[in-house]
Amino acid sequence: CAIIRKPAETEAGVVDAAAWAEHKNELADFSIWSLQGRVATGQLLGWTGNLSWRQQGEDFDVRLSGPLGAGGFRAKGSLDDVVVIQTKDERFVTTEPDILVERTLGWTFPLEPLRFWARGLPAPGGYDRISVDAQGRMISLEQKGWALSFPDYIEPENAPAVPRRIVLDNGETRIRLVVDRWFDIDGVSRAN
Amino acid sequence: DGVGDLEAFYNNVDSLSAQFEQEQKDDSGQTLQQASGTFLLSRPDRFRWEYTAPYQQVIVSDGETFRFYDVDLAQVTIRSIDATLQATPALLLTGGAALEDAFNIVSAGRRDGMSWVRLTPRADDTDFQEVRLGLKDQVPSVMELDDNLGQTTHIRFSDIELNPTLDESRFTLDIPDDVEVVDGRGMNGQGR
């Protein structure tokens, strides 16, 4: 994974660098996880639906469905090749799923970076601003054109604290994500 | 047989109240989403589908509009009935002519102590590939919906009460003022 485990030097917005470094290490080892949540976007094309996300190492299977399980899309694959499925006969293989997903939904659902944001981690590739609390939990982040806030966390069994609620805004689309359940969790357990 | 029992249900039952358990599984049988709540029906086209766990969501139809309120996400989405009802399980239970127009309906034998009906949408752009309805004593007890993306929603009803008197207010939604209302009436479905 791209998180470089260097000694924790002080960083603007990070209250306790050591706590943040340790939390990042735990989250980075979190290779197998699933979540069940709900998503709402405001603005014109108001949309509300359910989100299911299954992650196995690099492979993911993400499903966004409307109320009562209708509509939305499914994206399956790994980093460089993703199959986005809209309806039974519309399947597209792509290396840029976010663009395809936007065409499906009509709004941007940042699938690729969300793989990290959902765990409370910045996506690889640098970020503009971050704030991390004394417990080493990311509270806000500006990255890839999105402003994110992580107002509350939950602590599922055998897993580090992960976000329960995330608000994402890129100036056009404002997404609110609530996570109801984290399950099938299996990170690499390290004696620490 | 199944179709006969379903017709008997439509003829004998004008209103219904029940608890439901809902589970969504993917094509490998993994559980993606679990939720439960209460369902109220008042023919011909009023219903209330309310999730109480693990999240609070209320879906009501007063015959003209379809209101979807997610308490956590503090958002209400309003749609006109024709745009969305067509693609939801709720239509199946309200029944009537709209059902025959929308679905090809055949009996599908007996299993698990129930007589089954298989409904396949006549149009090809609907959200469900196939719906199966299991009836016990001429009352729907299980509903299975295969969507287009390889996911099946299983719904099991319990504590079913037939022809209860249901107050009108159960099919309207009093929207708190600090909630974002997205009025999509006249739009076709969700974010298509």
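The values are calculated or read from the model by the stated rules, or taken from the named source; none is laboratory data. Note that the structure is a prediction, hence the values are computed from the model and not measured. Every residue, glycine as well, gets a Cβ built from its backbone with ideal geometry; the counts of neighbours run over all protein chains shown. The protein model used for the area step is the full one, side chains on, heavy atoms only, and it has no ligands, DNA or RNA in it. Shrake-Rupley method; radii C 1.70, N 1.55, O 1.52, S 1.80 Å.
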### Task
State in Å² the accessible area per residue of the stretch B:1-62; use a 1.4 Å probe, count heavy atoms of protein chains only, and round to the nearest integer.
37
### Query
Given the Cα atoms of the stretch A:62-192, and with Rh set as the inverse mean 1/r over their pairs in the Kirkwood sense, what is Rg to Rh to two decimals?
0.98
#### Entry: Cβ-derived FRET efficiency at R0 30 Å, A:Phe183 paired with A:Val83, nearest 0.05
0.80
#### Entry: chain A: calculated mean residue ellipticity at 222 nm from DSSP helix runs of at least 4, using -39500 (n - 2.57)
-4000 deg cm²/dmol
### Task
Return a single number: how many Lys pairs in the protein assembly as shown, at a sequence separation of 8 or more or on separate chains, have alpha-carbon atoms below 21 angstrom apart.
5
### Message
Within 10 Å, at most 11 other Cβ atoms, and a DSSP state outside H, G, I, E, B define an exposed site. Report the longest part of chain A free of exposed trypsin sites (Lys or Arg not before Pro).
### Response
A:6-189
### Message
Let's test the formula: R0 of 45 Å, r as the Cβ-Cβ distance of B:Val71 and B:Asn104. What FRET efficiency results, to the nearest 0.05?
### Response
0.75
#### Entry: Charge dipole (the protein assembly as shown, unit charges on Cβ, about Cα centre) - positive-most of A:Leu51, B:Gly37, B:Ala123
A:Leu51
### Helical contribution to [θ] at 222 nm, DSSP H n ≥ 4, -39,500 (n - 2.57), averaged over chain B, rounded to 500
-3500 deg cm²/dmol
### Summary
Length gained, B:Ser36-B:Thr165, 0.36 nm per residue minus C-alpha separation, equals 44.2 nm
### If the convex hull is drawn through the Cα atoms of the stretch A:122-175, its volume per residue in Å³
86
### Using θ = phi - 60° and Karplus 6.51 cos²θ - 1.76 cosθ + 1.60, couplings along the stretch B:140-150 (whole Hz; Gly, Pro as x)
x, 10, 9, 10, 10, 10, 8, 8, 7, 10, x
### Task
Calculate, in nm to one decimal, what A:Ala18 and A:Asp59 gain on full extension: separation in residues at 0.36 nm each, minus their alpha carbon distance.
11.8 nm
### Query
What's the angle, to the nearest 10 degrees (0 to 90), between helix B:2-12's Cα axis and the longest principal axis of chain B?
50
### Query
Per 10 Å bin, what percent of the C-alpha pairs of the protein assembly as shown does each bin hold, from zero upward?
5, 23, 31, 23, 13, 5, 1, 0
### Message
Counting only other chains, and only Cβ atoms inside 10 Å, what mean value do you get across the residues of B:146-158?
### Response
4
## Note on the structure
Measuring from its Cα centre, chain A shows a charge dipole (+1 at each Lys and Arg Cβ, -1 at each Asp and Glu Cβ) which, in debye to the nearest 20, is 420
### Query
Which FRET efficiency value, to the nearest 0.05, is calculated for B:Glu130 and B:Asn11 with the Förster distance at 25 angstrom and r the Cβ-Cβ distance?
0.50
### Query
Which percent of Cα pairs goes in each bin when the distances of chain B are cut into 5 angstrom slices starting at zero?
1, 8, 15, 19, 23, 18, 10, 4, 1, 0
## Note on the structure
With label points set 7 Å from each Cα along the Cα-to-Cβ direction at A:Glu102 and A:Tyr127, the distance between them in nm comes to 2.1
### Message
I'd like the carbon and sulfur percentage of the solvent accessible area for the protein assembly as shown, probe radius 1.4 Å, heavy atoms only, ligands and nucleic acids excluded.
### Response
47
### Message
Angle check, please: helix A:17-28 long axis (alpha carbons) against the longest principal axis of chain A (alpha carbons), in degrees 0 to 90, nearest 10.
### Response
40
### Query
Shielding of B:25-32 by partners, i.e. mean partner chain Cβ atoms within 10 Å per residue?
4
